[in-house]
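What follows is one structure encoded as structure tokens, with my remarks underneath.
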Amino acid sequence: MKITRDNHAHYMGKLAPLLLIAYVAQAWCYYRFVSPALAYDISVFLGIGIVLIAGAFLAHDTLYQGTLHANHLELKLFPFPFKDEILFRDIEEVKVIPTRYPFSHIKLTTDEGKNVWLYNIDNAQEVSDKLKGRRNQ
């Protein structure tokens, strides 16, 4: 079973026009009340920052992949060859952290005390139930 983050990507897509409006309003204020050279620099850095933040969220939602296998949870960042495998028997606690949005977070605690967070998960309760069910097998 693949762990998806589609709802978070759609939410960020809906938020993009609001970010654009806020950027334009701030850029206008800078041009109105600050010297033109400084206003240009601030607007450019602000625009780059917004693009980088939005890109980081999009990259996280699409490239950080989680998959439930028969006996372990595999987490990997595509296209890099590194992956983390967490055996179901090593998971001590599974906790769903609900949000007011159509996505939630999952906190896994291993028997070694390591905390693993899965952010912005679609159907987090279903994923949690499958993790708990497979852990007890």
Working only within segment 72-88, note down all residues that are of a type outside the set (Asp, Glu) and touching a strand residue (DSSP E or B) at 6+ places or on another chain (Cβ under 9 Å). His72, Leu73, Leu75, Lys76, Leu77, Phe78, Phe82, Lys83, Ile86, Leu87, Phe88
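Conditions (1) assigned by TED's automatic domain parsing to the domain that holds Met12; (2) under 26 Å from Asn123 (Cβ atoms); (3) basic (Lys, Arg), marked per residue:
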site: Val34; (1), (2), (3): yes, no, no
site: Leu38; (1), (2), (3): yes, no, no
site: Ser43; (1), (2), (3): yes, no, no
site: Gly47; (1), (2), (3): yes, no, no
site: Ile53; (1), (2), (3): yes, yes, no
site: Thr67; (1), (2), (3): no, yes, no
site: Leu73; (1), (2), (3): no, yes, no
site: Leu77; (1), (2), (3): no, yes, no
Residue in segment 115-137 that is modelled with the lowest pLDDT, counting only those that are in a loop (DSSP other than H, G, I, E, B) and exposed (fewer than 13 other Cβ atoms within 10 Å of the Cβ): Gln137
Thr67 meets each of (1) surrounded by 15 or more Cβ atoms within 10 Å (Cβ to Cβ); (2) polar (S, T, N, Q); (3) within 27 Å of Lys132 (Cβ to Cβ) with one exception, condition (1)
Which members of segment 103-129 meet the condition of being among the charged types (D, E, K, R) and touching a residue at least 24 places away in the same chain (Cβ under 8 Å)? Asp122
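The values are calculated or read from the model by the stated rules, or taken from the named source; none is laboratory data. Keep in mind the model is a prediction, meaning the values are calculated, not measured. Methodologically, a virtual Cβ is constructed for each residue, glycine included, from the backbone with ideal geometry; neighbour enumeration extends over all protein chains shown.
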